[in-house]
Amino acid sequence: MMNARLICKKPSNVLHIKSLLLLITCFTFLRPAAVAQKRNLDLQVEVELMENRHDDPVKFYQKISNTTNNISLLVPATVLATGLITNDKVTLQKGLYIAETLVASTFITTALKVTIKRPRPFKADPYIVQASSGGSTSFPSGHTSEAFATATSLYMAYPKWYVAAPAFTWASLVGYSRMYLGVHYPSDVLAGAVVGAGSAWLMNKANKWMHKKKEQHLPPQL
């Protein structure tokens, strides 16, 4: 009976040994894939972008990223200057609206960054290598919110396709550049776009409401 039991257990023991060897092999050779599966979707996208980076695209997207502050300041400044030079009150109001949108977007973005305090991708996962500088916390993307605030407010001030096409193409490239350079998650960029576009919508509604209130307090024309 004892021999019979040993004989019966032998195939099971061999099977366990083979399984153990298989697990060791998988752990040794397939560990990167297993680690990648454990990462959430945000990190998986960052890993994919990082592993397919090349020098020329890095330089291109860094230049795109660097245009954010300059273009975002230049747009309202140009509209305001045009309104002052031509003495056009409507153009002045449009320039002020774009500037107000940038202020609102910056305030909301800063408040979210301070509140949520999400670490940058390269700080959360040592496997991620940054290709650009990233200052404060990660959520939401300040560059993206600024770019979409500019693009959306400009389009709402001048609702033409030839304004929308370059404005939103530029804003989208800014958002993508932040992911490609490894300093923001996709969700950071998506949130930044929502904050920027949302700020433009909110300021538009606020200006219309204030204009309506102003008209109500004006004395009736005779």
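The values are calculated or read from the model by the stated rules, or taken from the named source; none is laboratory data. Everything quoted here is computed from the prediction, not taken from an experiment. Note that we place each Cβ from the backbone using ideal geometry, even for glycine, and neighbour counts take in every protein chain shown.
Structure notes:
- Of the residues screened, Pro159 is one that is surrounded by fewer than 20 Cβ atoms within 10 Å (Cβ to Cβ) and part of a loop (DSSP other than H, G, I, E, B).
- Scoring Pro140 on the criteria (1) under 14 Å from Gly198 (Cβ atoms); (2) assigned to a helix (DSSP H, G or I) leaves a single failure, condition (2).
- With a requirement of 3 or more residues that are among the hydrophobic types (A, V, I, L, M, F, W, C), farther than 22 Å from Ala200 by Cα and at pLDDT below 95, the helices (runs of 4 or more DSSP H) lying completely within the range 25-103 that satisfy it span 31-38, 41-51.
- Selection within the range 48-91: residues that are in contact with an Asp or Glu (Cβ under 8 Å, 6 or more places away or on another chain) and in contact (Cβ under 8 Å) with a residue 40 or more places away in the chain. The member of this set that is surrounded by the most Cβ atoms within 10 Å (Cβ to Cβ) is Ser72.
- Scanning the range 92-109 for residues that are surrounded by fewer than 20 Cβ atoms within 10 Å (Cβ to Cβ), under 20 Å from the mean Cα position of the chain (by Cα) and either without any contact (Cβ under 8 Å) to a residue 12 or more places away in the chain or closer than 14 Å to Val75 by Cβ (or both) returns Val103, Phe107.
- Taken across the range 186-196, residues that are assigned to a helix (DSSP H, G or I) and more than 30 Å from Asp55 (Cβ to Cβ) do occur, with at least one present.
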